[in-house]
Amino acid sequence: MTTLIQSFRTLAPSYRALFFDIWGCLHNGVTPYHDAVGALQEFVSAGGYVVLLTNSPRPNTETARQIDAIGVDPNCWHLIVTSGDAACASLFAGEVGTRIHHIGKPEEDVFFDPALAGIPDAKLIERVLFDDADGIVCTGPFPGKAHTIDPYKNMLKAARKRNLPMLCANPDQYVDRGGIREICAGLIASHYAELGGTVRLYGKPGHHIYTLARQRLRTIAPAIRRDEILCIGDGIATDIPGARSAGFASLFVSGGLAAVETGTRTDPDPELLRLFLAKNNIDPDYTIGTFRN
């Protein structure tokens, strides 16, 4: 059974680096979680390293700009690694084709910039209408169509008939934006996979993003061992199983996506937490209601 803690300070001395989720743990898409920012600042001040590890289709440079605009203090982290970083190599190698139909928002167009991805030998990718595509890239829902899978069903059925492969640059299925739940690319990709479509999924819980995070961490802290890294997140289907399969300890933040199911305000209800973890058949090493010291 997971160990329930009330303060990250009790764990901090055991770890030298954190792979820390962003949305739901550091901010809600609108405002920062100041207790979380403060706890990370204290960890950094004590000599720890923080890698923000996020299922965002944006390159890490664009994600840095995004969280800065939200008001997250840059002194609480060292590096950002995104699912977009992990997925770009596949895109620009042409693994889902070179004539691509994009499902996503205009602000996610940066995913298609090989210079931002740092890929010098990129194949030329042409973005086309659906009828002309030989592959699909899904970075998220279309603008104004973020609350249900229904607007995508007919397109996905047509894509399946044509056997179009899909690259999903954000495996998350839902996110809470300022308290309003929205669908993510992962839900669209999951529905396509259920239809029998071929999906290349990058980001947590897949191994690519953890490998990339360790590689980048070594550039600033080469001596940190795997058992000195703690993965922290609120995604019971992404953050926690991803950490486990990659061989890292995990801290589940129950007050994010699972706040209602676990009865979390400041701390989770122990019995609701037990039932929630049993339902999802996973047992994180530690659980905290909201990330704080």
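Below are the figures for this structure:
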| quantity | calculated |
| --- | --- |
| Flag if residue 88 is hydrophobic (A, V, I, L, M, F, W, C) and outside any helix (DSSP H, G or I) | no |
| Per-region count, the stretch 194-215, residues part of a helix (DSSP H, G or I) and surrounded by fewer than 17 Cβ atoms within 10 Å (Cβ to Cβ) | 4 |
| Residue satisfying condition, being under 17 Å from residue 25 (Cα atoms) and either basic (Lys, Arg) or touching a residue at least 24 places away in the same chain (Cβ under 8 Å) (or both), within set 252, 248, 276 | 252 |
| Of all residues in the stretch 56-85 being assigned to a loop (DSSP other than H, G, I, E, B) and at pLDDT below 95, the one that is surrounded by the fewest Cβ atoms within 10 Å (Cβ to Cβ) | 59 |
| Only one of 109, 121 that is under 20 Å from the mean Cα position of the chain (by Cα) and at pLDDT below 95 | 109 |
| Which listed residue, of 188, 224, 232, is closer than 28 Å to residue 6 by Cβ, modelled with pLDDT of 95 or more, buried (at least 23 other Cβ atoms within 10 Å of the Cβ) and out of contact with any Gly (no Cβ under 6 Å at 6 or more places or on another chain) | 232 |
| Failed criterion for residue 94 (all others in (1) farther than 20 Å from residue 29 by Cα; (2) modelled with pLDDT of 95 or more hold) | (2) |
| Among the candidates 274, 200, residue that is among the charged types (D, E, K, R) and in contact with a helix residue (DSSP H, G or I) (Cβ under 7 Å, 6 or more places away or on another chain) | 200 |
| Pairs where the first residue, in the stretch 198-217, is closer than 11 Å to residue 169 by Cα and of a type in the set (Lys, Arg) and the second is open to solvent by less than 30 Å² (accessible area, probe 1.4 Å) and part of a strand (DSSP E or B), C-beta under 6 Å, 6+ apart | 200/167 |
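The values are calculated or read from the model by the stated rules, or taken from the named source; none is laboratory data. As the structure is a computational prediction, the values presented were derived from the model and not from experiment. Glycine also receives a Cβ, built like all others from the backbone with ideal geometry; neighbour counts cover every protein chain displayed. All accessible areas refer to the heavy atoms of the entire protein, side chains included, with ligands and DNA or RNA removed. Shrake-Rupley method; radii C 1.70, N 1.55, O 1.52, S 1.80 Å.
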